[in-house]
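Following: one structure in structure tokens, then a few remarks.
Computed from the coordinates by the stated procedures, all read-outs in this text should not be read as laboratory data. Only a predicted model underlies this, so the values are computations on that prediction, with no experimental measurement involved. Quick reminder, even Gly has a Cβ in these numbers, built from the backbone with ideal geometry, and neighbours come from all protein chains shown.
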């Protein structure tokens, strides 16, 4: 019998170490002689730097280095444009240190390295910077208007890009549609706020000419290669390690954040280790943010509620720079159709520069915006026609027999937006059954008679996951029988050490407990892109499967030779290659690893196993042409296109019309990410995502005043939900395996967060329908909701 690991609810094997306090995060890394860095940041949203005088800071006791733009010279170049696009007519990226202008509060102006953080922070106050304030742009609605001040002097109208995609002829469809409705929808800024902020430690080994960097990054390999090129070092002279990382959510993937270049540079220059750890205020003003769009949507539909045409125009807030190009609004535009059959769809967006922190992907990455718009459209149609929103969804769903479904748009990776598999009607039916929607209207009516306002909300979505370009893996069996898996991406709490072990164990017929997984260390695996876009299990998982399958095949060939049977007569189970139907005729994987490399392991008790290689010597060389010693292999996987996960969330809420407070009474999730490698870990990812979605719906709001000052710079103002605000979450799984990869898997990392704002809006509309309330913006705190109630006459 073959050992089965994929699909098993195996507990996360990394948790005991972390729960016992044995994790190692960047701030735990303290090489001997380490110095601490602190950053001087702009207090202005937009200003010209007339003068910087750092002489007093340089003379301060305990200060070892002060860096300004002038000190960096030619190294102070704009960071790379990570994702170019033909329509990005005016890309702008940030220099490590501001040169002539600052363009948002928090932009880094200087770095001080001192004996400790206290000395460094005190010395920041000794740097004299003369700023000449310039006009500020913070209002996204007017950022592109003629006459608005320029964020970049050479970018007319603050327009970084304009992009349009179309399927069919939406304009003609709208002209002939029996019914047409328009709506303006707003999604405000938020940010990731991982429990561990960013951090960098760097050490220069002058003897070995090795630069070692510990970085709480989601992409150590790009950081390694970038630093090598930046400093003129061979790539083998740079080592980057992402140790334990306490959450990422997209916030920790950049090339480069200024500190990721400045700290290694300081370490090389001083010849001593240097550490910088971001504090929470720095994170809230200077780490990358997301969301921030205003949509003008127009939908045409018939009297049965079927959509005949949809047109969406929106403006996207890029902040001060565009290191990721226009990837976030492209995702919004291509994922907006969701699970619905839109034959006539046009989307056009503009990307605006503002004097705010930079916008890059954050968990959901443009999808919550698109789902919010599309699901608001569904609700608009339902209200117009007096139909249940669920029924409008049914009438517009792509059907199971229509896959693969080509949306007709170009996806974020330049490939087609082509849904590979799914069953959206069944997913909706499962969610409705879980939430007990059948009896809800009667319960709602009874509650209203008692003066209580209950509402039912749904949120359906499709999520493109598993983008390329590729990932790789190395799988090796040790003489002990233990197995090592190394891959180029990193983990920030997703449970990769468990799921990757399950995939390798499935192929090798062993216990996942015997598999150790290394991620985030460029000395262990040297090629890959990183952890983002819900891609890890699709790309690295399939790479591990390929490498482990190659090891499996080699083990079976070797065992067949030693046991004098055909490989087809063997099976791998319980860590052994054994002859089917012949108890006792078997070899352990450890023995086969020893035999595969007798020179390396021909000592001690393993020498007898090593000698097996010589029992029946063959003619010629010990290694056949093309054969390598050892029981190990590399594998790579490059997805042909994205895989598309899907789901439907449902919630019942109660709104207090006197206070604007909202309580989530029940929350259910139907989710489909293809083959489930570990249902427990999938559920953990979904629950975490829902929690962030709840935060984005009610609490987590980044606000700037008219002068560009951020108003949420601590957790007193930027509110994050606690466990008390997160409802119990019931999860039901569907599995429609992807035909695009051998494991049939799709990504899941962002799914939980994507539909929450949309279903919350629908639930509020449903609860307050007697008052005529219509939600058109997110997030929606009690004060905003109360204003909506009052403006509707409630």
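With Rh defined as the Kirkwood radius, the inverse of the mean 1/r over Cα pairs, the Rg/Rh of the range 166-247 is 1.42. Site pair residue 634 and residue 720 shows an inter-label distance of 3.9 nm when each label is modelled 7 Å from Cα along Cα→Cβ.
How big is the antiparallel share of DSSP beta bridges in the range 647-768, given as a percent to the nearest 5? For the range 647-768, the DSSP antiparallel bridge percentage is about 65. The alpha carbon centroids of the range 675-712 and the range 1-71 are separated by 23 Å. With R₀ set to 56 Å, the beta-carbon distance separating residue 426 from residue 130 gives a calculated FRET efficiency near 0.30. Footprinting exposure proxy ranking of 201, 538, fewest other C-beta atoms within 10 angstrom first, gives 201, 538. Look at where the Cα atoms of the range 360-398 and of the range 247-288 average out, and the two centres are 39 Å apart. Taking square-rooted eigenvalues a ≥ b ≥ c of the alpha carbon gyration tensor, is the range 1-134 rounded, prolate or oblate, where a/c under 1.5 means rounded and, failing that, a/b exceeding b/c means prolate? Judged from the Cα gyration tensor, the range 1-134 comes out oblate (a/c at least 1.5, b/c at or above a/b).
Placing dummy labels 7 Å off each Cα toward the beta-carbon, the span from residue 270 to residue 51 is 2.8 nm.
Report the FRET efficiency, 1/(1 + (r/R0)^6), for residue 74 and residue 470, where r is their Cβ-Cβ distance and R0 is 35 Å, rounded to 0.05. Mind dumping the intermediate values first?
Working: r = 33 Å, r/R0 = 0.94.
So, using R0 = 35 Å, E works out to roughly 0.60.
Scaling the Cα radius of gyration of the chain by the globular reference 2.2 N^0.38 Å produces a ratio of 1.02.
If each residue's Cβ is checked for other Cβ atoms within 10 Å, how do 511, 401 rank with the fewest at the top? Intermediate results must be reported in sequence, preceding the final value.
On the way: 511 16, 401 6.
Ranking 511, 401 by Cβ neighbours within 10 Å, fewest first, gives 401, 511.
In this structure, residue 115 and residue 15 have a Cβ-Cβ separation that, at R0 = 30 Å, corresponds to a calculated FRET efficiency of about 0.20. When each of 777, 700, 282 is scored by the number of other beta-carbon atoms lying within 10 Å, the sequence from fewest to most is 777, 282, 700. The modelled label-to-label distance for the pair residue 166/residue 665, using points 7 Å beyond Cα in the direction of Cβ, is 4.7 nm.
Subtracting the Cα-Cα distance of residue 513 and residue 87 from 0.36 nm times their residue separation leaves 148.4 nm of extension gain. Could you list the residues of the range 722-760 with an amide nitrogen less than 15 Å from a label point located 7 Å from the Cα of residue 784 in the Cα-to-C-beta direction? It comes to 756-760, nothing else. How many angstrom lie between the C-alpha centres of the range 406-448 and the range 484-529? About 33 Å separates the Cα centre of the range 406-448 from the one of the range 484-529.
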